[in-house]
Amino acid sequence: MQTLQARIRYYRDLGISQFYRRIAAPLSEIESVTAINPDLEPPIPPRKPAATLPTTFTASVDRAAGLSAIQHELHNCTRCPLAFQGRHTVVFGDGNADARLMFIGEGPGADEDAQGLPFVGRAGQLLNNMIAAMGLKRSDVYIANIVKCRPPQNRVPEPEEANTCAPFLFRQINVIKPEVIVALGATAATYLLGGKSPLARLRGRIHEVRGAKLIVTYHPAYLLRDPSQKKEAWKDLQLAMTELGVKAPKASSNADS
Ligand code: URA
C-alpha cells in the first residue's frame with residue numbers, strides 16, 4: 001500500500017491529479033493475490049493519458065510521416081522514361097505539410113534538378129514574390145509539380161510521364177488536405193482536372209479537386225516572358241486569398257516584382 005501511495009505522490013509531482021477508478025476487483029481476489037506474495041501491489045487503476053496532444057500537432061506529425069512514406073517510395077524512381085533522360089534528383093515537393101494552400105507546377109527545371117527542390121530557379125523567385133504579395137511565406141505553403149523528374153530541355157512532360165507520376169501528387173494532396181490549390185499553367189491544370197481546356201476558360205473560377213478548391217493561373221515562367229500578364233495572375237491569387245480568408249499586406253498590391 002505504501003508503494004501505491006508513493007506512486008500517487010509521484011504522479012501528483014508531475015501535475016497529474018486525475019485518476020479514474022477501474023471497477024475494483026473483488027476484495028477477496030486482491031487479498032488472495034497479496035496473500036501469496038505480500039510484496040505485490042494491489043492493482044493500480046489504468047492511468048488516463050496525462051494530456052492529449054493538441055490535434056493540430058498530432059495531425060501535423062501524421063502528415064509529415066505520410067509525406068515521408070510517399071517520398072520513400074519514390075527514392076530513385078524508375079517508373080517512367082524521365083528516370084533515364086538525365087535527371088539527377090527526384091524533386092518530391094517542398095513546404096508545410098499542414099499548408100492550407102498548395103501550388104502545383106509542371107516539372108523541375110535544371111536548378112530544381114540540381115537542388116532537389118521545386119521552384120528554386122528564376123520562375124521560383126517570381127513564385128516566391130507572388131507568395132509574399134499574398135502576405136504569406138514560402139514556408140506557409142506547399143509546392144509540388146505534376147512530374148517529379150526534370151524533362152530534358154524543359155519540354156512539357158509526355159502523358160505517359162505525367163500519368164505515371166500524378167498519382168503520387170494526388171497522394172500528397174490527400175495527406176496535406178489543402179483548402180486551396182493553385183495550378184500554375186496549363187500542364188498542372190490539365191492533369192489536376194483530368195482534361196485539356198484553354199487556360200482562358202479555366203481562369204477566374206473555382207474548380208474542385210480532391211476536396212480542395214482549385215484555381216488556375218499562369219505559370220511563373222510564362223509571366224517572366226510576358227510580364228504584362230502579372231496583373232491577371234494577381235487577380236487569380238486574390239481569388240485564392242478570398243477563398244482562404246487572407247488579406248494582402250498593405251504595402252503590396254500586386255505580384256509585380
Ligand atoms: N517550373 C515548374 O513547373 N516547376 C518547377 O519546379 C520549376 C519550374
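If the condition is being farther than 16 Å from Ile176 by Cβ, touching a residue at least 40 places away in the same chain (Cβ under 8 Å) and in a helix (DSSP H, G or I), then segment 61-99 contributes Glu73, Pro81, Leu82, Ala83. Is it true that Ala114 is of a type in the set (A, V, I, L, M, F, W, C), outside any loop (DSSP other than H, G, I, E, B) and within 10 Å of the ligand (Cβ to nearest atom)? Judged against the criteria, Ala114 is not a match. The C-beta contact set for segment 108-123 (first residue without any contact (Cβ under 8 Å) to a residue 60 or more places away in the chain and β-branched (Val, Ile, Thr), second residue surrounded by fewer than 19 Cβ atoms within 10 Å (Cβ to Cβ) and in a helix (DSSP H, G or I), distance under 7 angstrom, 6+ apart or interchain) comprises Val120/Asp111.
Against the list (1) crowded, with 16+ Cβ neighbours inside 10 Å; (2) closer than 24 Å to Thr190 by Cβ; (3) within 16 Å of the ligand (Cβ to nearest atom), the condition Arg155 fails is (1). Criterion applied to Met102, Met134 was being over 17 Å from the mean Cα position of the chain (by Cα) and crowded, with 16+ Cβ neighbours inside 10 Å, and the one residue passing it is Met134.
Which of the residues that make up segment 100-111 are near the ligand (Cβ under 10 Å from one of its atoms) and assigned to a loop (DSSP other than H, G, I, E, B)?
Of the residues in segment 100-111, the ones near the ligand (Cβ under 10 Å from one of its atoms) are 103-111.
Those that are near the ligand (Cβ under 10 Å from one of its atoms) and assigned to a loop (DSSP other than H, G, I, E, B): Glu106, Gly107, Pro108, Gly109.
For segment 160-181, the criterion of being within 13 Å of the ligand (Cβ to nearest atom), part of a helix (DSSP H, G or I), under 20 Å from Ile215 (Cα atoms) and of a type in the set (Lys, Arg) is met by no residue.
Rule-based calculations on the coordinates, nothing more; no lab input. A quick note: this is a predicted structure, and the numbers were derived from the prediction, not measured. Reconstructed Cβ throughout: ideal geometry from the backbone, glycine too, with neighbour counts over all protein chains shown.
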